Structure formats: C-alpha cells, structure tokens
Amino acid sequence: MKPKTVGRKQSGLIPQMRTEFTHVGLMAGTILLTADDDTPIDLLVPGDRIVTRNAGLVPLEAITSERITVEAVAIAADAFGASHPRQDVVMPAAQMVLVRDWRAKALHGATQAVMPAGCLIDDHLITSLGPREMTLFRLGFHAPYVIYAEGLEISIPALRAADAVAA
C-alpha cells in the first residue's frame with residue numbers, strides 16, 4: 001500500500017491560511033518579542049517588526065481580534081525548560097507550538113515538531129482548561145513564521161492576500 005503522498009505533485013507554494021480556523025490565535029496580554037523588545041500583543045499594529053525564529057525581523061502585515069469560546073490549554077512556566085514559557089500561559093488547544101525537546105522525539109520521532117498545544121497535555125505541566133471565552137489576536141504575515149510569545153515558539157501560518165487587504 002502506498003502512502004497518500006506518493007506520486008502527488010508538489011506545487012512549491014506556501015499553504016494559505018484558512019480563515020475558518022477561528023480557534024487559533026494568541027490571548028490578549030500575551031507578550032511577543034519585537035524589534036522594540038517585549039510588547040503585549042494588544043499594542044501591535046501593522047508595520048511593527050516581529051522577531052521570528054526562521055527569518056529575523058519581519059513586518060506585521062495584519063492583526064485582528066475576536067472574543068470567542070475555544071478549548072483552552074494552560075502551560076506552566078518552565079514547562080519546556082528554563083523560561084519557556086516565562087510565566088503560566090493560556091492558549092487555544094489548536095494553536096500550533098514548535099516543540100524542541102523530548103516531546104518532539106516521543107510524539108513525532110524528530111528533534112523538533114510543530115503541533116497543537118492540545119496534543120501536549122500531560123495533566124501536570126500542560127493541562128486542559130476545557131472551553132473558555134477569550135479574546136484571541138491573529139497575526140498576519142506574507143509567509144508562515146515561528147514567533148516568540150512568552151518565551152514559547154509559536155507557529156503562525158501565512159495570511160492569504162485577500163485576508164491582508166480585508167484587515
């Protein structure tokens with residue numbers, strides 16, 4: 001039996017962010033690493049330069065916020081090592097996190113992996129909070145990036161051109 005990817009034509013294009021993914025984003029008050037040092041996500045505006053793991057400083061193209069109810073996860077301070085995260089963090093269970101510790105090896109057989117925060121629940125350092133109402137901020141960039149939020153490495157998908165214009 002062949003895997004579903006065998007023989008599939010690779011387009012080489014960056015996947016576009018799907019706007020129906022309303023269950024991802026960062027909570028109001030989350031501190032991001034920017035060119036101006038640590039900045040609360042609530043204060044960011046398009047044009048601010050965000051520090052990324054994979055491309056250095058990148059200008060923010062769009063930012064939106066919405067108050068919704070989502071499955072939430074609490075990540076304890078230092079759950080991924082010293083200062084990762086710097087303090088307890090709450091985020092949507094579907095938010096993608098770059099993991100570069102034993103969890104990546106155990107769950108994906110790799111030294112690093114991007115996975116939803118909900119997949120990391122261990123009922124000790126990372127716990128489910130169930131459905132929570134929260135204000136989520138979504139960042140828009142021309143390409144996918146890994147940003148630093150509260151000391152965690154968070155994966156942000158690319159924003160479609162139509163979404164960037166609408167924001």
Inside the stretch 77-89, can you point out the residues that are touching a Pro at 6+ places or on another chain (Cβ under 8 Å), assigned to a loop (DSSP other than H, G, I, E, B) and either open to solvent by less than 60 Å² (accessible area, probe 1.4 Å) or among the small types (Gly, Ala, Ser) (or both)?
77
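Every residue, every condition in (1) closer than 13 Å to residue 25 by Cα; (2) β-branched (Val, Ile, Thr), yes or no:
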| residue | (1), (2) |
| --- | --- |
| 73 | yes, yes |
| 77 | no, no |
| 92 | yes, no |
| 102 | no, no |
| 110 | no, no |
| 120 | no, no |
| 126 | no, yes |
| 135 | yes, yes |
| 151 | no, no |
If we only count strands (runs of 3 or more DSSP E) wholly inside the stretch 90-152, which ones have 2 or more residues that are in contact (Cβ under 8 Å) with a residue 40 or more places away in the chain and either aliphatic (A, V, I, L, M) or surrounded by 19 or more Cβ atoms within 10 Å (Cβ to Cβ) (or both)?
96-99, 126-140, 145-149
Do we find a residue being part of a loop (DSSP other than H, G, I, E, B) and without any contact (Cβ under 8 Å) to a residue 60 or more places away in the chain anywhere in the stretch 47-63?
yes
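Residues checked against (1) modelled with pLDDT under 95; (2) surrounded by 13 or more Cβ atoms within 10 Å (Cβ to Cβ); (3) under 18 Å from residue 157 (Cα atoms):
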| site | (1), (2), (3) |
| --- | --- |
| 12 | yes, no, yes |
| 32 | no, yes, yes |
| 37 | yes, no, no |
| 41 | no, yes, yes |
| 52 | no, yes, yes |
| 60 | no, yes, yes |
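Here is a yes/no grid of residues against (1) of a type in the set (S, T, N, Q); (2) in contact with a Lys or Arg (Cβ under 7 Å, 6 or more places away or on another chain); (3) within 17 Å of residue 124 (Cβ to Cβ):
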position	(1), (2), (3)
65	yes, no, no
73	no, no, yes
77	no, yes, yes
86	no, no, no
89	no, no, yes
92	no, no, no
96	no, no, no
99	no, no, yes
106	no, no, yes
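The values are calculated or read from the model by the stated rules, or taken from the named source; none is laboratory data. Keep in mind that what you see is a predicted model, and the values were worked out from it rather than measured. Cβ sites come from the backbone with ideal geometry, for glycine too, and all protein chains shown count toward neighbours. Note: areas computed on protein heavy atoms with side chains; ligands, DNA, RNA excluded. Shrake-Rupley method; radii C 1.70, N 1.55, O 1.52, S 1.80 Å.
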